[in-house]
Amino acid sequence: MSWYYREKEHIVFCLKVTPNAAKNQVKEIWNDLLKVQIKAAPSDGVANQELTNFFAKMFSVKKQQVEIISGTTNRIKKVRLPATAIVEEFIKTR
């Protein structure tokens, strides 16, 4: 398994999300998961919303285009977003 896979015109990232971090940031690949740190606390979906906003800004897509497809109540998540040039470049640099 890899930390990402393709679904037609989309990319799905497999993540390990750490809430309550000092800042929002992408860390390293660990055990076929992309580690992401999020500032928000993991309560009432706040960290999920922060993750969605962070990825939308980072990859220059609309918030509605960033979809958590599994793991909404777990630190291990799958997030689907459009396979834009920015996303493809991000994958190449990892």
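The values are calculated or read from the model by the stated rules, or taken from the named source; none is laboratory data. Every value quoted in this text rests on a predicted model; they were computed, and no experiment measured them. FYI the Cβ positions are ideal-geometry reconstructions off the backbone, even for glycines, and counts take in every protein chain you see.
General remarks:
- Taking each residue of segment 33-48 that is in contact (Cβ under 8 Å) with a residue 60 or more places away in the chain and looking for partners that are in a loop (DSSP other than H, G, I, E, B) and not hydroxyl-bearing (Ser, Thr, Tyr) with beta-carbon atoms closer than 8 Å, six or more apart or interchain, yields LEU34/TRP3; LEU34/ARG94.
- Positions within segment 1-26 being closer than 20 Å to GLN64 by Cα and surrounded by 15 or more Cβ atoms within 10 Å (Cβ to Cβ), in sequence order: TYR4, HIS10, ILE11, VAL12, PHE13, CYS14, LEU15, VAL17, ASN24
- Residues within segment 25-54 that are within 19 Å of THR93 (Cα to Cα) and not charged (D, E, K, R), tallied: 10
- Test: residue in segment 56-74 that is surrounded by 18 or more Cβ atoms within 10 Å (Cβ to Cβ), on the phi < 0 side of the Ramachandran plot, within 10 Å of the chain's Cα centre (by Cα) and touching a residue at least 40 places away in the same chain (Cβ under 8 Å): no
- All positions within segment 21-61 that are at pLDDT below 95 and in contact with a helix residue (DSSP H, G or I) (Cβ under 9 Å, 6 or more places away or on another chain): ALA41, PRO42
- Filter pass, LYS35 being of a type in the set (D, E, K, R) and farther than 17 Å from TYR4 by Cβ: no
- Scan of segment 14-68 for residues that are of a type in the set (Phe, Trp, Tyr) and under 21 Å from ALA83 (Cα atoms), ordered by number: PHE54, PHE55, PHE59
So that you can scan it fast, the table gives a plain yes or no per residue for (1) exposed (fewer than 11 other Cβ atoms within 10 Å of the Cβ); (2) β-branched (Val, Ile, Thr):
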site: GLU28; (1), (2): yes, no
site: PHE54; (1), (2): no, no
site: PHE90; (1), (2): no, no
site: THR93; (1), (2): yes, yes
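- Those strands (runs of 3 or more DSSP E) lying entirely in the chain with at least 1 residues of a type in the set (Ser, Thr, Tyr): 4-7, 10-18, 67-70
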